[in-house]
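The values are calculated or read from the model by the stated rules, or taken from the named source; none is laboratory data. Since we're looking at a predicted model, the values are computed, not measured. So basically every Cβ, Gly included, is an ideal-geometry build from the backbone, and we count neighbours across all protein chains shown. Areas reflect the complete protein model, heavy atoms only, side chains present, ligands, DNA and RNA absent. Shrake-Rupley method; radii C 1.70, N 1.55, O 1.52, S 1.80 Å.
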Amino acid sequence: MITATKTRVMAVTFLAAALTFSSGLIAAESRMAQVTIKADQGKDTINRNIYGHFSEHLGTCIYGGYWVGPDSPIPNTRGIRNDVVQALRAIKIPVLRWPGGCFADEYHWKDGIGPRENRPTMINTHWGGVTENNHFGTHEFLDLCEQLGCEPYICGNLGSGTIEEMQDWVEYITFDGKSPMADLRRKNGREEPWKLKYFGVGNENWGCGGNMRPEYYADQYKRYQTYVRNFGDNRIFKIACGPSGANYEWTEVLMRELVSGRRMMLQGLAPHYYCGTGRKSRSATQFTEADWLWNLRGALRIEELLAGHEKIMDKYDPQKRVAIMFDEWGAWHAVEPGTNPGFLYQQNSLRDAMVAGLTLNIFNNHAARVKMANIAQTVNVLQAMILTDGPRMLLTPTYHVYYLYRVHHDATLLPTELAGPEYVFESDKLPALNVSASRDSAGKVHVSLVNIDPHHAVDVKAQLQGLTAKRISGQVLTAGAITAHNTFDQPTAVEPATFTDAKVTEGGFRTTLPAKSIVVLEIES
Ligand code: AHR
């Protein structure tokens, strides 16, 4: 299979029976793979925002997940949980999208400012029909981003809000002088404006954000974005609602309407794609190997989707000035038994870690066009990093992938070529291996390798082009079962471990990737 990312996967299914590498005896049924890392050819930067996140007013993501209020016995800073902030700082969360999602297109930001006890309530019609008390609003979100040390990304309401409302929001947040909105901000306790770069003009306007045709959305977008102003030296990076999955017509119409010669009315286009769940079981933790393969096939499909949308974007914008901001993606399983179906609270297993490892490698390899991606959603919703239960908190297998992959943030993407075995199950098969590589500002090369085959290790012979390795070290994420996951009683059932099965060789390195594992290697030269 030849991909647009120069990662070449050739099916070689021979057995490496009783092979002995420097690392010791290798299982009789291990497979062989060849990887070439072109350390002399990097040109694109892996934008750290590819490792971005998304948090919506949905279930217990905001309330309980981040926000417990200043009077809570759960340790907090101005109402925001300290344990969650600390965990997200450890993965260097670069950017956080808020307040939705579908919620964004019925959110009226003025209900979420001023003394909390005076804020009006609303019904969260998309997510469980619960009453939203608006205690977490603009000030609380921007405080959260400051505590996290990340960029805020706000999604405005195009579906049911007015242009004036959207214009006022940007003025409220970013205007430094005297104005009705800046004065209101000061009255609410914030003298200085905030910096706000990323602003989305609507969410899923082909669906929950107003059920629009692309032509209609493009016209609406043109009007709304006109009034999203740059105040002082604040510069807004405007992001248009992108397509769902393989809706190429949406991309075509938006690019045709919004990019004309040197005039661009958008800086980013935001596709969404959820890779689904199992073939038979939707459970996050009780699934078979057929479900495993099904879900991972769905994850790998993002390669084809990116290639399709990029081809259209290249036609209108060959210089790649408009970025793909993939601001919702992830696995979508059944909710945990006994929880509110509208809250999308799901467990997270080794399979989800695989989904994350594969998808992030693919985004890395598309770094020339993909400048942001936001997994859905950070805490307690869908493919979460963190689950909370009152004062308790656990880190999911997906969290650990973000921890291991943080070495790719802002590093230079190194092209790779891969010839590896297939993972075969019954009458189905997929490439077993997936890879991306980068070089950081200190010159260290990092290689993230995913082996989705749950039964077979893979022996990798790697060639480092233009680099002489001196030292190699690594970390591995794996578990005994494909369904392994962390619980509040066993929060460390799946967590990274030191990996010692990689050795420098003449011209590169050799390693053995365990079955169903994610390995991130660090190479010093
Ligand atoms: O992430 C959950 C929902 O999925 C979002 O609100 C919506 O944008 C998407 O359909």
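What to note about this one:
- Helix 163-174 axis, angle to the chain major axis (alpha carbon atoms, nearest 10°): 70 degrees
- Here the chain has 50 percent of its accessible surface on carbon and sulfur atoms, given a 1.4 Å probe and all protein chains in place.
- Mean separation of Cα contacts under 8 Å, 6 or more apart, over the residue count of the stretch 437-525: relative contact order %: 47 percent
- Once the Cα atoms are used to define both axes, helix 214-226 deviates from the longest principal axis of the chain by about 60 degrees.
- Look at the alpha carbon pairs under 8 Å that are at least 6 residues apart: their mean separation over the length of the chain gives a relative contact order of 20 percent.
- Low-density loop cleavage sites - trypsin sites (Lys or Arg not before Pro) in the stretch 277-371, where at most 10 other Cβ are within 10 Å (DSSP): none
- Annotation for the stretch 320-376 versus the stretch 79-148: alpha-carbon center distance of 20 Å.
- Counting Lys and Arg as +1 and Asp and Glu as -1 over every other residue whose Cβ lies under 12 Å from the Cβ of residue 166, the net charge comes to -1.
- Part-to-part distance (alpha-carbon centres) for the stretch 251-281 and the stretch 388-419, which is given in Å: 24 Å
- Tally of Lys pairs whose C-alpha atoms are under 26 Å apart, taken over the stretch 160-280, 8 or more apart or cross-chain: 11
- Close amide-amide hydrogen proximity is noted between residue 370 and 324, each under 5 Å apart and 5 or more residues distant or on a separate chain (H modeled in the peptide plane; Pro and chain starts excluded).
- For the stretch 408-482, dividing the convex hull volume of the Cα atoms by the residue count gives 126 Å³ per residue.
- Note that the stretch 437-451 has calculated 3J(HN,Hα) couplings of 9, 8, 10, 8, 5, 8, x, 7, 9, 10, 10, 9, 10, 10, 10 Hz, one per residue in order, obtained from phi through the Karplus relation 6.51 cos²θ - 1.76 cosθ + 1.60 (θ = phi - 60°); glycine and proline are x.
- On Cα atoms only, tilt of 350-365 relative to the major axis of the chain in degrees: 80 degrees
- Net dipole in debye of the stretch 294-431 [+1 Lys, Arg Cβ; -1 Asp, Glu Cβ; about Cα centre; nearest 20]: 280 debye
- Taking the square roots of five times each eigenvalue of the Cα gyration tensor of the chain, the equivalent ellipsoid has semi-axes of 39, 26, 21 Å, listed largest first.
- Distant-in-sequence amide H partners of residue 54 (H built 1.01 Å from N, under 5 Å): 97, 375, 378
- Within the chain, 61, 145, 150, 155, 241, 275 have no other Cys Cβ under 4.7 Å of their Cβ and so lack a disulfide-compatible partner by this rule.
- Partner aspartates and glutamates whose Cα lies under 12 Å from the Cα of residue 470, excluding those fewer than 8 positions away in the same chain, are identified as 506, 522, 524.
- With the helix formula -39500 (n - 2.57) applied to DSSP H stretches of n ≥ 4, the chain reaches a computed 222 nm mean residue ellipticity of -7000 deg cm²/dmol.
- Accessible surface, the chain, averaged per residue in Å² (probe 1.4 Å): 38 Å²
- As a rough guide to protection, the peptides 57-68, 104-115 ranked by mean Cβ packing within 10 Å, highest first, stand as 57-68, 104-115.
- Peptides ranked, highest mean first, by Cβ atoms within 10 Å: ranges 395-406, 337-348: 395-406, 337-348
- Note on the stretch 374-460: with charges restricted to the Cβ of Lys and Arg (+1) and Asp and Glu (-1), its dipole about the Cα centre is near 400 debye.
- Net charge in the neighbourhood of residue 381 (other residues with Cβ under 12 Å of its Cβ; Lys, Arg +1, Asp, Glu -1) is -3.
- Solvent-accessible area of residue 304 with every protein chain in place, 1.4 Å probe, in Å² to the nearest 10: 100 Å²
- Lys/Arg +1, Asp/Glu -1 at C-beta; the stretch 467-525 dipole; positive extreme among 479, 505, 525: 505
- For chymotrypsin sites (Phe, Trp or Tyr not before Pro), the sites in the stretch 456-525 that DSSP calls loop and that have at most 12 other Cβ atoms within 10 Å are 488.
- The relative contact order of the stretch 368-475, computed from alpha carbon pairs under 8 Å that lie at least 6 residues apart in sequence, is 14 percent.
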